[in-house]
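See below for the structure under consideration.
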Amino acid sequence: MANFCLRNLFCLIQKRLIKTSPALSPRSPLPFTVQFLVNSCGFPLESAISVSQKIQLNKTKPQKPKSVVSFLKSQGLDDTQLFKLIKKQPRILHCEVDSNLKPKLEFLAKKGFTGAPLLYLVAGLRDKSLNSQIEPHFEYLRSLLGTNADVVAAVMRYERLLTYNVKVTLQSNIDLFINEGVPISSIRKSTILKPRVMIQSTNEMTIHAVKSVKNLGLDTKGPMFMYAFRVMVSLSEETWKKKVDVFKSLGWTEEQILSAFKRHPSCFASSEDKIRNTAGFCVNTMKLKPEILVQDPGLLSLGIDTRLRPRHYVFEVFQSKNLLKRNCKIQWFVKMSERNFMEKYILPLKEEVPNLLDMYSALKVKKEMLVVKENYSSKPFDSARMTRHESICLLRSDQLFSM
């Protein structure tokens, strides 16, 4: 009976693959590209068929893609990382290792890039010239940011820093900030933290955002100016008005709204629904008075499922066991950095509250589990498509949803 069921399952899988891949017939051999992706790169058949629509390998010259795969594996990529890299950048299989990939990897490694992110970066730069593009761009960024480590940090957040003509697209914005009196240290910090915003904002967008932030009363030399700029440049006038209306619906005055933006611009970076939902959770579940949010608008930037709900759960458990100081307030509790929170509360008290760490961690990933389940429930199961974190989420789901 078991063998019969297995045979039926195998037939159904074959039929599904044939049905979803009209270019293949049951009798035709698999194309060389598909065979290579399956046999040499660990692709599931369906994924290999999909990627083969983006790249065609020459079966008379298999050595080139083989050398690329060998090179990537020699640099420490495991099977899952190799699959993800080639799926994202399949044209890397057309590259020459010695004249293209290896020199770029060696240059970037000397500058401080390491591990799998380095190989992803090399794959993304496969069509760029090392001598005329990558090296000059890196040197320009170092002259601006100060150190190799700062350039690495910025590029890891936005790898196109090494592909854009940064001397044109970025320098015009930098010149504008300098002319407005923004300290170079603030410009550097903003470029490292939010390079995409700094490089994609046109000069006209930057001028408008700078003018708007100045009109709100922020000093260009102050620590919050560039923070406020990064939020403002991403908002259209219509979006700004919508968010102002949301705050007004919460009972805030216009003066309170503008004060909140100047103190915590990040509260305007959230969507209108996020602002409403977070305010509702703070007031209705955490029992904060509305005026607390006015005084501390940074609370509205915190994630409900990643910060507020799990911290609120721990707060209530500690309160029920009289483990908190009398003057400990929930708003302080949720704003604490994760590292400090773990060191001050979770780890010291884990013996007094059994399963505290497991419950806290589970609550933080519960929403992610729901997303992962939804993503995979309607598709053929393909373990190679899953990240390690997604796999852990699914493995823990039975325990979590039985709470």
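The values are calculated or read from the model by the stated rules, or taken from the named source; none is laboratory data. Keep in mind the model is a prediction, meaning the values are calculated, not measured. Note that each Cβ is placed from the backbone with ideal geometry, even for glycine, and that neighbours are counted across all protein chains shown. Ligands, DNA and RNA are stripped out before the accessible areas are found, and what is left, the full protein with its side chains, is counted by its heavy atoms. Shrake-Rupley method; radii C 1.70, N 1.55, O 1.52, S 1.80 Å.
Numerical summary
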| item | result |
| --- | --- |
| Rounded Å value of the spacing that divides the Cα centres of region 203-246 and region 152-173 | 22 Å |
| Cut-off 15 Å between beta-carbons: net charge of the residues surrounding G112, Lys and Arg +1, Asp and Glu -1 | 0 |
| Average Cα contact separation per residue, region 80-132, under 8 Å, 6 or more apart, as relative contact order % | 43 percent |
| Whole-number percent relative contact order across region 249-348, with pairs defined as alpha carbons under 8 Å at least 6 apart | 23 percent |
| Partner lysines for K364 [C-alpha distance under 20 Å; skip if fewer than 8 residues away on the same chain] | K274, K335, K344, K350, K373 |
| With all protein chains modelled, accessible area of C41 [1.4 Å, Å²] | 0 Å² |
| Trypsin sites (Lys or Arg not before Pro) lying in DSSP loop within region 309-367, provided at most 14 other Cβ fall within 10 Å | K321, K325, R326, K329 |
| Segment R157-S236, length gained on full extension (0.36 nm per residue, minus Cα span) | 26.0 nm |
| K350 versus E272: modelled label distance in nm, points set 7 Å from Cα along the beta carbon direction | 4.4 nm |
| Region 175-258: relative contact order in percent, alpha carbon pairs under 8 Å with at least 6 residues between | 27 percent |
| Count of lysine pairs in region 114-268 with Cα separation under 18 Å (8 or more residues apart, or interchain) | 14 |
| Low-density loop cleavage sites - trypsin sites (Lys or Arg not before Pro) in region 205-294, where at most 15 other Cβ are within 10 Å (DSSP) | K221, K287 |
| Cβ-Cβ FRET estimate between Y313 and I207, R0 fixed at 56 Å, reported to 0.05 | 0.75 |
| Proximal aspartates and glutamates relative to K110, as straight alpha-carbon distance under 19 Å, when same-chain residues fewer than 8 apart are discounted | D98, E135, E139, D150, E159 |
| Spin-label pair D245/L258, simplified geometry with 7 Å Cα→Cβ offset, distance in nm | 2.1 nm |
